[in-house]
Amino acid sequence: ATPISIMVASGRGAQQGLLFKDAAAIEAMRDIDTLVMDKTGTLTEGRPSLTSVVPLGSYTRSQLLAFAASLERSSEHPLAKAIMTAAQEEHVHLLDAADIHILAGGGVSGHVSQNNIAFGNERLMATLGVALDPDTLAKADVLRGEGATVMTLAVDGKPVGLFAVSDRIKSDTLSAIVDLKASGLHIVMLTGDNAITASSVARALAIDEVHADVSPAGKAEVIGALRKQGRRVAMAGDGINDAPALAVADIGIAMGQGTDVAMESAQLTLVKGRLSGILHARSLSQATVRNIR
Ligand code: ADP
Ligand code: MG
């Protein structure tokens with residue numbers, strides 16, 4: 001690539017809200033054949049809201065929300081924001097929390113008023129040795145059938161409530177995927193969310209391949225495996241949990257409204273957070289590389 005054509009391309013890209021890190025990024029974009037995307041915050045708005053709280057014991061909705069929000073105050077995850085918003089709207093009184101531990105792609109745990117509290121997915125519950133009985137699992141699956149993400153609240157090792165949170169698909173996601181698929185890309189969803197929720201969203205979006213229940217390290221492994229199969233992989237994501245995967249892809253693409261960590265790990269940032277930016281970035285890199293050969 002000549003320096004001039006690369007400069008022109010990065011200038012044009014910047015006007016359209018496409019920030020390439022360097023010349024290599026512009027060239028890498030041309031050759032990709034597989035596009036892997038995170039779900040929450042990439043395909044969806046990333047502004048989920050709390051749709052229901054299902055008590056499993058004697059705690060009231062407001063008590064359950066107080067426990068969850070007291071932990072989530074320390075997290076920047078979009079799911080945490082959904083809990084904080086609900087707690088505020090319902091005037092829930094927050095409690096002091098200590099020994100907070102955040103498990104990326106899992107949830108949060110810590111001490112809240114002398115209790116051991118954990119809030120997150122089934123991977124977090126398994127890690128902490130919280131057993132979920134068949135009845136609880138069945139209730140969670142009912143909520144997931146609608147595309148909701150379900151989190152369990154555990155107090156002192158026992159599940160006491162289920163929280164369902166729903167996140168709208170971005171208005172331009174489907175049309176962008178239709179265009180990206182038509183351009184020949186194989187489309188993959190990679191999410192830390194569970195399989196039922198993931199496939200309900202994937203079905204609505206005509207996504208070719210789904211990997212659910214994947215930890216942040218696992219996301220990087222899936223990208224590595226795709227590359228070993230000879231695929232040239234672009235990975236788009238927004239969260240801290242996506243950073244390892246963004247770093248190992250042929251090109252990592254960060255959503256502009258996402259976390260700083262994602263943008264630092266990526267070679268292309270879509271300032272507007274719109275997936276159609278990937279299509280524009282690809283045309284731009286194809287035109288640039290064609291010009292200089
Ligand atoms: P995605 O890959 O869809 O962006 P993440 O990897 O960030 O999702 O999270 C995967 C799952 O881990 C979430 O669906 C949720 O169940 C759980 N989780 C992650 N962070 C939190 C949190 N702060 N509070 C509660 N649950 C969380
Ligand atoms: Mg995400």
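The single condition from (1) surrounded by fewer than 21 Cβ atoms within 10 Å (Cβ to Cβ); (2) closer than 19 Å to K181 by Cα; (3) away from ligand 1 (no atom under 13 Å from the Cβ); (4) free of Cβ contacts under 8 Å to residues at least 60 places away in the same chain that G252 fails is (1). A220 meets the stated requirement of being in contact with a Pro (Cβ under 7 Å, 6 or more places away or on another chain) and surrounded by fewer than 22 Cβ atoms within 10 Å (Cβ to Cβ).
Rundown of residues vs (1) within 16 Å of ligand 2 (Cβ to nearest atom); (2) outside the structural domain of R203 (by TED's automatic domain parsing); (3) surrounded by 18 or more Cβ atoms within 10 Å (Cβ to Cβ); (4) closer than 25 Å to G218 by Cα, yes/no style:
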residue	(1), (2), (3), (4)
Q16	no, no, no, no
D22	no, no, no, no
M37	yes, no, yes, yes
L56	no, yes, yes, no
R61	no, yes, no, no
D96	no, yes, no, no
Q114	no, yes, no, no
I117	no, yes, yes, no
G120	yes, yes, yes, yes
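Please go through region 158-173 and pick out each residue that is in contact with a Ser or Thr (Cβ under 9 Å, 6 or more places away or on another chain) and either of a type in the set (K, R) or in a strand (DSSP E or B) (or both). Correct list: P159, V160, G161, L162, F163, A164, V165, S166, R168, I169, K170.
Being at pLDDT below 95 and within 16 Å of R123 (Cβ to Cβ) is the requirement here; does S171 meet it? Spelling it out, it is not the case that S171 is at pLDDT below 95 and within 16 Å of R123 (Cβ to Cβ). Within region 4-20, work out how many residues are touching a residue at least 12 places away in the same chain (Cβ under 8 Å) and either touching a strand residue (DSSP E or B) at 6+ places or on another chain (Cβ under 6 Å) or part of a helix (DSSP H, G or I) (or both). So the answer is 9. The numbered conditions (1) within 16 Å of ligand 1 (Cβ to nearest atom); (2) buried (at least 17 other Cβ atoms within 10 Å of the Cβ); (3) at pLDDT 95 or above are all true for A234 except (1). Here is a list: L124, L103. Which entry is away from ligand 2 (no atom under 16 Å from the Cβ) and buried (at least 17 other Cβ atoms within 10 Å of the Cβ)? Criteria check complete, one pass: L124. Looking at D179, is it within 20 Å of L18 (Cβ to Cβ) and either surrounded by fewer than 18 Cβ atoms within 10 Å (Cβ to Cβ) or not charged (D, E, K, R) (or both)? In short, yes.
The values are calculated or read from the model by the stated rules, or taken from the named source; none is laboratory data. Given the structure is predicted, the values throughout are model-derived calculations rather than measurements. Note that each Cβ is placed from the backbone with ideal geometry, even for glycine, and that neighbours are counted across all protein chains shown.
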